[in-house]
Amino acid sequence: MTPMSIRKRAVNILQLPGQISSSSHAEILRRLKLAVQSGHPRFVLDCSRIEVMGAEEIQFILSCLEEAMKHNGDVRLAAVTPEARAVLQNAGISRLFEIYGSTESAIHSYQVRPASMAPLYSETAETQPDSEYAA
């Protein structure tokens, strides 16, 4: 099955195939690069068809993220199966992506708050003033 790409509300949606082969990898990256070059570096990768999150798939989504970030863009993952999410977490990759339950919620997240505006820490975490720890 060939990958499908759609643009919705200035966000590119890439429907990933069940397995990422070298030919589909090249085709999707070609589409991604075209979108980035035309000034649309925001992507949602719809992972609902991915059967197994293996090394090829991980390398692919990292390649997409790298290309988007070169142009101040971002990649968000949508509809990731629990098994695939566990693989991403175990590989330490899940922290690099915002992961959403559906493509629509991933698209909406771009409208609410761009990834570049995301805080690097929790603003609600309680902190103690330094003076309390002074000897």
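Just so it is clear, none of the values below were taken in a lab; they were calculated from the coordinates. All of these numbers come straight from a predicted model, not from anything done at the bench. Using ideal geometry, Cβ is built from the backbone for each residue, glycine included, and neighbour counts are taken over all protein chains shown.
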On the formula 1/(1 + (r/R0)^6), with r taken between the Cβ atoms of Ala91 and Ser48 and R0 of 22 Å, the FRET efficiency rounded to 0.05 is 0.65
Quick calc: nm separation of the 7 Å Cα→Cβ label points for Ser23 and Asn72 -> 3.8
Between Ala55 and Gln111, the two model label points (7 Å from Cα along the beta-carbon direction) sit apart by a distance in nm of 4.1
Output for the range 7-98 (equivalent-ellipsoid semi-axes, sqrt of 5λ from the C-alpha gyration tensor, Å, descending) is 20, 14, 12
